[in-house]
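The values are calculated or read from the model by the stated rules, or taken from the named source; none is laboratory data. Quantities reported herein were computed from a predicted structural model and do not represent experimental measurements. Virtual Cβ from ideal backbone geometry, glycine too; neighbours counted across all protein chains shown.
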């Protein structure tokens, strides 16, 4: 009965594609219309229940954030670092650690702001020299630089590295000077690709519209000056000192939860940047990834190509085996209940039975996590779909039907 149920649901999963052969719940790769891979194991015993193409590489999209989650719990403490600084009787020298919460409205605490405001009686000197990375991840789409989901990576983010235009107001106000109405020439707000100059038209609807800004050291120093109402001096060279002190801000999990729940790319990239600061004095997403692959994740079933923290890049490739292995590793290290607490939740009629992270972009839909069956078993799984031409919503619906069948049959 179990095999019949799963087979029928797999047939439904394929939609218009014709299934010619199903053996032991595994679909022949020739029978599908796109690249499909999956793996389901028993969470407790580790036994494989069924799989297809589990060792094949797929573009992971935002399921990459599961690797960022593990990197964060491996390298960051329970409280994230906000600033590093040292001070003399008349000067405060400080630099960023990658903390993305500074002046973001969805984070209520403002320890960094309170700290800097308490030091405005001193000369304030800011350095960005510890940032040893690029502001965009490898393989990001260059023409998405105006999109809020692709804010720049930086050592000292402010306001989420976004300018918000809303009904005539501009936040942060510093950028109002650099914003110009150009009449009816353009229909939407634009920013020069390499400069913080914004233009909009009479017809532009400025309704909570968010645009990324350039985050070079001079801009951050000027933005700090405008926010603190005192001069902040920018110093290009590294100002690291053996008497350095770290200021801590939010809890680590207060970033991880919305990063996974809302698939927040900016939080993901900045978590990786902060993680890199725990293994060296410089900040680099690439350095954190290299460290994780050579140490904490050296035992992955297949060596992935992993280039960013968010999954925005199509250069990332992982296998279903890798995702399931990672989820088991997280579960073993922090416990199943904490794993369920952190992951996004899916269910019906107030019953949660799937805890999983999705990842999607054009031609890609993936889901990886845990499912609790009606027979009381907990399964760890990864479903990966690549290279389809139908809408993502259609594949998402097919995957939901498939998972319902697994829940019924196992």
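Figures for the structure shown
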{"quantity": "Residue in region 348-357 that is on the phi > 0 side of the Ramachandran plot and modelled with pLDDT under 95 present", "calculated": "yes"}
{"quantity": "Elements of type strands (runs of 3 or more DSSP E) contained in region 205-306, each with 1 or more residues being closer than 15 Å to residue 130 by Cβ", "calculated": "232-235, 245-251"}
{"quantity": "Condition check for residue 196: in a loop (DSSP other than H, G, I, E, B) and either outside the structural domain of residue 142 (by TED's automatic domain parsing) or under 20 Å from residue 228 (Cβ atoms) (or both)", "calculated": "yes"}
{"quantity": "Exclusive hit being surrounded by 14 or more Cβ atoms within 10 Å (Cβ to Cβ) and under 17 Å from the mean Cα position of the chain (by Cα), set 282, 225, 263, 249", "calculated": "263"}
{"quantity": "First in region 379-392 and over 14 Å from residue 325 (Cβ atoms) and not assigned by TED's automatic domain parsing to the domain that holds residue 339, second anywhere and modelled with pLDDT of 95 or more and not in a strand (DSSP E or B), Cβ under 9 Å, 6 or more apart", "calculated": "none"}
{"quantity": "Which numbered condition residue 297 misses (of (1) out of contact with any helix residue (DSSP H, G or I) (no Cβ under 7 Å at 6 or more places or on another chain); (2) surrounded by fewer than 18 Cβ atoms within 10 Å (Cβ to Cβ); (3) farther than 15 Å from residue 94 by Cα)", "calculated": "(2)"}
{"quantity": "Of all residues making up region 316-357, the number that are crowded, with 18+ Cβ neighbours inside 10 Å and in a loop (DSSP other than H, G, I, E, B)", "calculated": "3"}
{"quantity": "Candidate set: region 358-387, residues that are surrounded by fewer than 19 Cβ atoms within 10 Å (Cβ to Cβ) and farther than 13 Å from residue 40 by Cα; chosen: the one farthest from the chain's Cα centre (by Cα)", "calculated": "375"}
{"quantity": "Residue 273 vs. criteria under 25 Å from residue 360 (Cβ atoms) and buried (at least 24 other Cβ atoms within 10 Å of the Cβ)", "calculated": "yes"}
{"quantity": "The one condition in (1) surrounded by 15 or more Cβ atoms within 10 Å (Cβ to Cβ); (2) in contact (Cβ under 8 Å) with a residue 24 or more places away in the chain; (3) in a loop (DSSP other than H, G, I, E, B) that residue 106 fails to fulfil", "calculated": "(1)"}
